[in-house]
Structures are given as C-alpha cells and as structure tokens.
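*Asks:* Below are the structure tokens for one structure; questions will follow.
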C-alpha cells in the first residue's frame, strides 16, 4: 500500500503534486496542499517543470523477508558527571590550595576551560573528567539511567504536512 510522502499515512493511492518546488506523492487530503503534476505520454507532452528528485527514497512497505516493526537499538549505558560535580572539583581544588590556573596547567588545559567547567557554564568532556578524577583521586563519573529509545508515535510528531499548513496560515494572514 503506498505511503503519503507528506503526512506519512498509508493510503489506497497517491497523486503526484508539486509543493514548494518538489514533486511528492501525496494522499488525497494532502494533495490539496500543492498543485497537481500532469504527465503526458513520452511524445513530448511532459510537464513544463522537470521532476526534482528527493534526497531520500520514498518509504517502502515491508516485504515478507524483512521483519515487521521497528528494530530496537540495544540500550547502552553512558557515563555522565555526577550530580554535584562542580561542587566536588571546587572543594578538591580549594583543599589543595590551588588556583584554577594551577589545575589547568597540571591538566594541560586552558584556565578558562577550568573556570567554565567549575562554574557549570560549560559541560565537561569525558576526557577532562577523567583527568580531574586522576588529579583529585575522586570518582566523578557515573552511569546514566537507561533512556527510553522506543519510537515516538507518528500521531504526536510534526509532519511535513503540518509545516506546510502552518506556513500557509502565516502567508494568508499577512
């Protein structure tokens, strides 16, 4: 069953339309958003504008050899700085009586980087956190909680059709 390239719904048939300079296959509801493309026979009766190819292939219906549904990605745990990271490194630095410049020199980093990381204005890289762990003999990384990687249903996400309708509403209100 064909799929509308604008709203993503499966439909019985699609019509080719021109929308914002692109040729798309749309369901009857979304076809109203563009102009119909009339293709004649190859005897030179082609439409005046050449078809622009899409940067992606249109979605295909699953074949019997492919598994249906969405493949789930394996969940993996990521390392993230601990919650009170900035407080811990500031306390450790002050206990040793070092300035931020001293820490930067020992880690071969810029003093501005240490200042921004310590103040929370810049998220640290894992590499920098590892250097800080070795320098201060602290544990500053922890595994993040598992993140839900399930796909979002198409009913709650914005589609190309929604964007076109919003654009049309803004254009008509001017």
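*Asks:* Largest first and to the nearest Å, give the Cα extent of the stretch 79-143 along each principal axis.
*Replies:* Each principal axis gives a Cα extent; for the stretch 79-143 these are 29, 21, 18 Å.
*Asks:* Just want the ordering: 113, 129, from fewest to most Cβ atoms lying within 10 Å of their own Cβ.
*Replies:* The most exposed by this proxy come first: 113, 129.
*Asks:* What FRET efficiency do you get for residue 163 and residue 122 if R0 is 41 Å and r is their Cβ-Cβ distance, rounded to the nearest 0.05?
*Replies:* 0.75
*Asks:* How much length is gained on full extension from residue 84 to residue 28, taking 0.36 nm per residue of separation minus their Cα-Cα distance?
*Replies:* The residue 84-residue 28 span can extend by a further 14.6 nm.
*Asks:* Roughly what would the spin-label model give for residue 39 and residue 99, points 7 Å off Cα along C-beta, in nm?
*Replies:* 7.2
*Asks:* Where does each of 4, 11 land when they are ranked from fewest to most other beta-carbon atoms within 10 angstrom?
*Replies:* Sorted ascending by nearby Cβ count, the order is 11, 4.
*Asks:* So, one more: Taking other Cβ within 10 Å of each residue's Cβ, how do 1, 122 sort, fewest first?
*Replies:* 1, 122
Any read-out appearing in this document is the output of simple, stated calculations on the displayed coordinates, not a laboratory observation. Remember, predicted model here, so these are calculated numbers, not experimental data. Ideal geometry is used to build each Cβ from the backbone, glycine not excepted, and the neighbour counts take in all protein chains shown.
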